[in-house]
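Engineer: One structure is given below, represented as structure tokens, and several questions about it will come after.
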Amino acid sequence: MPRTPYIAANWKMHKTVAEAGEFVDALLPRIAATQSDVVICPPFTALTAVVERRYGTAVKVAAQNMHEAASGAFTGEVSAPMLVELDVEAVVLGHSERRQHFGETDEALARKVPAALAAGLEPILCVGESAEARDAEQTEAVLERQLVADLAAVEGGELGGVVIAYEPIWAIGTGRTATPEQAQEACAFIRDVLRERGAPAEEVRILYGGSVKPANAAELLGQPDIDGALVGGASLDPAEFAEIVAAA
Ligand code: PEP
């Protein structure tokens, strides 16, 4: 069975409740005919505003992070059951900005991914190499290390429920996009690693993220192992994001 394309909008720390509502109202008529999974990842405060507007549409909602515990003395954190209670369906885990600025570790991710799955959330696990690692020809080593560590506590059979986003750090928010060949090569490698881990690798959606725009989306999404996109900057404008959805 072909994999359903998966296009996700990572808003990062952008959009108030009012702005989120305006965005969804502008987006929905533009993507009414899509056959793809369209996922919006708002900040915590705007989750409900997006959830309420997307009922009856194909749009899914993802949080941008969660804690691995269901509850506890973790000031400032939000748990998977709390997200499920809001009718959130997915969660971005291990985004490079969280790894870089908030000390997100592979050890924590190894607990978060199974916690998300156990709560019924679809994890969107981000992996990707730095510019230095790419220059040192360490891309595959970095990807394999992250995947093996972050998915250590997930049974091979359960990996079909995980979405992987390949996001080279040097391409995020920089305007510098991986070439379709570079992105394809990395996504194919990720699929091989998942296969070796016992995953139903042909079912797993693998996304590319890093300066995806309407102008480059079709070529990236046309690669055989790229099943979708995780879009940052270009997802803040409904018309631009809808163009990327249409490219899938
Ligand atoms: C991201 O935030 O995951 C991302 C890929 O950002 P951008 O599209 O702005 O590079």
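Engineer: Looking at 101, 95, can you tell me which residue is farther than 17 Å from residue 41 by Cα and either out of contact with any helix residue (DSSP H, G or I) (no Cβ under 9 Å at 6 or more places or on another chain) or at pLDDT below 95 (or both)? Full working, then the answer.
Structural biologist: On the way: 95 fails: farther than 17 Å from residue 41 by Cα.
Just a single option satisfies the conditions, and that option is 101.
Engineer: Given the structure, is residue 95 within 16 Å of the ligand (Cβ to nearest atom) and surrounded by 15 or more Cβ atoms within 10 Å (Cβ to Cβ)? Give the derivation first.
Structural biologist: Numbers: within 16 Å of the ligand (Cβ to nearest atom): yes; surrounded by 15 or more Cβ atoms within 10 Å (Cβ to Cβ): yes.
In short, yes.
Engineer: Related question: Filter region 200-218 down to the residues that are within 11 Å of the ligand (Cβ to nearest atom) and within 28 Å of residue 159 (Cβ to Cβ), then identify the one that is surrounded by the fewest Cβ atoms within 10 Å (Cβ to Cβ).
Structural biologist: So the first thing to find is which residues in region 200-218 are within 11 Å of the ligand (Cβ to nearest atom), and the list is 207-213, 216-217.
Still in the running and within 28 Å of residue 159 (Cβ to Cβ): 207-212, 217.
On the way: 207: 27, 208: 31, 209: 27, 210: 28, 211: 19, 212: 28, 217: 23.
Within region 200-218, the match that is surrounded by the fewest Cβ atoms within 10 Å (Cβ to Cβ) is 211.
Engineer: Of 51, 84, 61, which residue is in contact with a Gly (Cβ under 7 Å, 6 or more places away or on another chain) and closer than 24 Å to residue 205 by Cα?
Structural biologist: On the way: 51 fails: in contact with a Gly (Cβ under 7 Å, 6 or more places away or on another chain); 61 fails: in contact with a Gly (Cβ under 7 Å, 6 or more places away or on another chain).
Going through 51, 84, 61 in turn, just one is in contact with a Gly (Cβ under 7 Å, 6 or more places away or on another chain) and closer than 24 Å to residue 205 by Cα: 84.
Engineer: Let me ask another. Restricting to region 98-122, and then to whatever is without any contact (Cβ under 8 Å) to a residue 12 or more places away in the chain and away from the ligand (no atom under 16 Å from the Cβ), can you tell me which residue is farthest from residue 204 (Cα to Cα)?
Structural biologist: Looking at the filtered set, the residue picked out is 103.
Engineer: Examine region 29-43 for a residue that is more than 20 Å from residue 245 (Cα to Cα) and more than 16 Å from the ligand (Cβ to nearest atom), and state whether such a residue exists.
Structural biologist: Going residue by residue through region 29-43, those that are more than 20 Å from residue 245 (Cα to Cα) are 43.
Imposing the further condition that a residue be more than 16 Å from the ligand (Cβ to nearest atom) reduces the set to none.
Looking through region 29-43, none of the residues is more than 20 Å from residue 245 (Cα to Cα) and more than 16 Å from the ligand (Cβ to nearest atom).
Engineer: Kindly evaluate residue 72 against the criterion of being more than 17 Å from residue 204 (Cα to Cα) and touching a Cys at 6+ places or on another chain (Cβ under 8 Å). Talk me through it step by step, then tell me what you get.
Structural biologist: Numbers: more than 17 Å from residue 204 (Cα to Cα): yes; touching a Cys at 6+ places or on another chain (Cβ under 8 Å): no.
Here the answer is no, as residue 72 does not meet what is asked.
Engineer: Within region 227-235, is even one residue buried (at least 24 other Cβ atoms within 10 Å of the Cβ), away from the ligand (no atom under 14 Å from the Cβ) and not polar (S, T, N, Q)?
Structural biologist: The answer is yes; a qualifying residue exists.
Engineer: Can you run down the residue pairs with Cβ atoms below 8 Å, 6 or more apart or on separate chains, where the first is in region 194-219 and farther than 19 Å from residue 11 by Cα and the partner is among the aromatic types (Phe, Trp, Tyr) and at pLDDT 95 or above?
Structural biologist: Note: pairs meeting the criteria are 205/6; 206/166.
Engineer: Starting from region 128-147, keep only residues that are exposed (fewer than 13 other Cβ atoms within 10 Å of the Cβ), then list their pairs with residues that are assigned to a loop (DSSP other than H, G, I, E, B) whose Cβ atoms are within a distance under 7 Å, requiring at least 6 positions of separation or different chains.
Structural biologist: none
Engineer: If you don't mind, there's one more thing I want to ask. If you go through region 219-231 one residue at a time, how many are assigned to a loop (DSSP other than H, G, I, E, B) and more than 28 Å from residue 158 (Cβ to Cβ)?
Structural biologist: As a first pass, look at region 219-231 and keep what is assigned to a loop (DSSP other than H, G, I, E, B): 222-227.
Right, trim to more than 28 Å from residue 158 (Cβ to Cβ) and you get 222.
The number of residues fulfilling the criteria is 1.
Engineer: Please give the number of the condition residue 69 fails out of (1) within 16 Å of the ligand (Cβ to nearest atom); (2) touching a residue at least 40 places away in the same chain (Cβ under 8 Å); (3) surrounded by fewer than 17 Cβ atoms within 10 Å (Cβ to Cβ).
Structural biologist: Result: residue 69 fails condition (1) only.
Engineer: Would you pick out the residues in region 147-182 that are touching a Cys at 6+ places or on another chain (Cβ under 6 Å) and either outside any strand (DSSP E or B) or farther than 15 Å from residue 227 by Cα (or both)?
Structural biologist: Initially, region 147-182 is screened for residues touching a Cys at 6+ places or on another chain (Cβ under 6 Å), giving 165-167.
Passing the criteria: only 167.
Residues checked against (1) more than 12 Å from the ligand (Cβ to nearest atom); (2) touching a strand residue (DSSP E or B) at 6+ places or on another chain (Cβ under 9 Å):
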residue: 161; (1), (2): yes, yes
residue: 169; (1), (2): no, no
residue: 176; (1), (2): no, no
residue: 194; (1), (2): yes, yes
residue: 198; (1), (2): yes, no
residue: 220; (1), (2): no, yes
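The values are calculated or read from the model by the stated rules, or taken from the named source; none is laboratory data. Fair warning: this is a prediction, and the values are worked out from it, not measured in the lab. So basically every Cβ, Gly included, is an ideal-geometry build from the backbone, and we count neighbours across all protein chains shown.
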